[in-house]
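Working notes for the structure below.
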Amino acid sequence: MFKEINLRNHSSLHKLFYSLLVLMLASIIVIDFIKPNHWFAFLTTSSPLEAIAGISLFLIVKNTTISYNEIINKIAASTFAVYLIHCQAIFFPILWNKIVRADQWQSIPYTVGYELLVACVIYCSATLIDFIRIYILKTYLKFKVRFVG
C-alpha cells in the first residue's frame, strides 16, 4: 500500500492520507467487531488511531503553502488564550457544570450539533476576551510610555 508514496508529491500525499484513513476506519470496525475488554484505550489521547490521524493530517499539510491573512492570523494568535481560558482550574467547573451543563446533553439525538455550537460559542467568547485583554494592554502601554517615558 505504501510502496509508491513520495512525500514531495501531492498526489502521493493524498494516497497516503486515504490509505491511512482506510486503515483507521478498518481498525475501528475491527475493534467494534471483536469488542475487546479495554476498548477505551483507543478513545484516549494516546490512541494509535489518533496518532494515525495526526500523522496523516501532518503529511497532507506539510507541503502546503498558505498565504498571509491578517484576520486569520489575529484569531489564530488567540488560540492559546482560548485554551487557557476554557481549561483554567477555577473556571472549568463553572463553564462545564453550570453554564454548558454538558452531562444533561449526552443522550439527546442532536448532541453533536449542540457540542459544535457550544465549541463555537466558547471559542468566540474566549477570543473576544483575549482581544479585549490585548486592547487594554496596548492602551495601558501607550499611556505608560506617554507619561512615564
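For the stretch 91-141, how many residues meet the condition of being under 19 Å from SER78 (Cβ atoms) and surrounded by fewer than 10 Cβ atoms within 10 Å (Cβ to Cβ)?
Number of matching residues: 0.
Can ALA51 be described as open to solvent by less than 80 Å² (accessible area, probe 1.4 Å), within 30 Å of ALA26 (Cα to Cα) and among the small types (Gly, Ala, Ser)?
Answer is yes for this residue.
Can you tell me how many residues within the stretch 56-83 are open to solvent by less than 100 Å² (accessible area, probe 1.4 Å) and in a helix (DSSP H, G or I)?
12
Which of the residues that make up the stretch 45-80 are modelled with pLDDT under 70, in contact with a helix residue (DSSP H, G or I) (Cβ under 8 Å, 6 or more places away or on another chain) and among the polar types (S, T, N, Q)?
Once the filter is applied, which keeps residues that are modelled with pLDDT under 70, in contact with a helix residue (DSSP H, G or I) (Cβ under 8 Å, 6 or more places away or on another chain) and among the polar types (S, T, N, Q), the stretch 45-80 yields SER47, ASN63.
Between a residue in the stretch 97-115 that is modelled with pLDDT of 80 or more and any residue that is open to solvent by 90 Å² or more (accessible area, probe 1.4 Å), which pairs come within a Cβ distance under 8 Å, given they are 6 or more apart or on different chains?
Correct list of pairs: ASN97/ASP103.
The values are calculated or read from the model by the stated rules, or taken from the named source; none is laboratory data. The model shown is predicted, which means the values in this text are computed figures rather than measured ones. Note that we place each Cβ from the backbone using ideal geometry, even for glycine, and neighbour counts take in every protein chain shown. SASA here: full protein model, heavy atoms, side chains in, ligands and nucleic acids out. Shrake-Rupley method; radii C 1.70, N 1.55, O 1.52, S 1.80 Å.
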